[in-house]
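Engineer: Structure in structure tokens, see below.
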Amino acid sequence: MDRKRIEGLPVWMLTPKEEKEVFENWRIQAWKHCDAVVKEFSKCEQMAGYGVWFKCRKEGKAMRECIRERQQEKYVDEERDKLIKLKMERLKNGGNDENGNGKKD
């Protein structure tokens, strides 16, 4: 795996806090990507009542497959790249974010 995708800042420059942010963003993006199938499962779940796992097998399987597809390392790398690019921009701006605000940590 090529870990030097972005010039100037190695991936290991992410702090544990930033790495946690990467995984949180990854999780959020996976659920956003699968929003339509999750809504279908939710709709079926509301109508099925106690028999949800029997009556909504098709919708549940589609939801699990969608989430499983998004749980790949390449999507984590995309989120890392986004955060590294943001971090590099902050370094270029002397610690300011894209709006010119100083770092608040």
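The values are calculated or read from the model by the stated rules, or taken from the named source; none is laboratory data. This one's a predicted model, so the numbers in the text were calculated from it and none came from an experiment. When we count neighbours, we look across all protein chains shown, and the Cβ atoms used for this are built from the backbone with ideal geometry, even at glycine. When the accessible area is computed, the model is the full protein with side chains, heavy atoms only, and any ligands, DNA or RNA have been set aside. Shrake-Rupley method; radii C 1.70, N 1.55, O 1.52, S 1.80 Å.
Engineer: Taking helices (runs of 4 or more DSSP H) that do not extend beyond region 37-97, which have at least 3 residues that are touching a residue at least 24 places away in the same chain (Cβ under 8 Å), under 18 Å from GLU21 (Cα atoms) and of a type in the set (D, E, K, R)?
Structural biologist: Once the helices (runs of 4 or more DSSP H) in region 37-97 are filtered for at least 3 residues that are touching a residue at least 24 places away in the same chain (Cβ under 8 Å), under 18 Å from GLU21 (Cα atoms) and of a type in the set (D, E, K, R), what remains is 73-92.
Engineer: Restricting to region 27-51, name every residue that is open to solvent by 50 Å² or more (accessible area, probe 1.4 Å) and under 23 Å from LYS74 (Cα atoms).
Structural biologist: The answer is ARG27, ILE28, GLN29, TRP31, LYS32, HIS33, ASP35, ALA36.
Engineer: So, in region 1-23, of the ones that are in a helix (DSSP H, G or I) and open to solvent by less than 80 Å² (accessible area, probe 1.4 Å), which residue ends up modelled with the lowest pLDDT?
Structural biologist: Among residues in region 1-23 that are in a helix (DSSP H, G or I) and open to solvent by less than 80 Å² (accessible area, probe 1.4 Å), the one modelled with the lowest pLDDT is VAL11.
Engineer: Which one is nearest to the chain's Cα centre (by Cα), of the residues in region 52-73 that are open to solvent by 100 Å² or more (accessible area, probe 1.4 Å) and modelled with pLDDT under 90?
Structural biologist: For region 52-73, the residue satisfying everything is GLN71.
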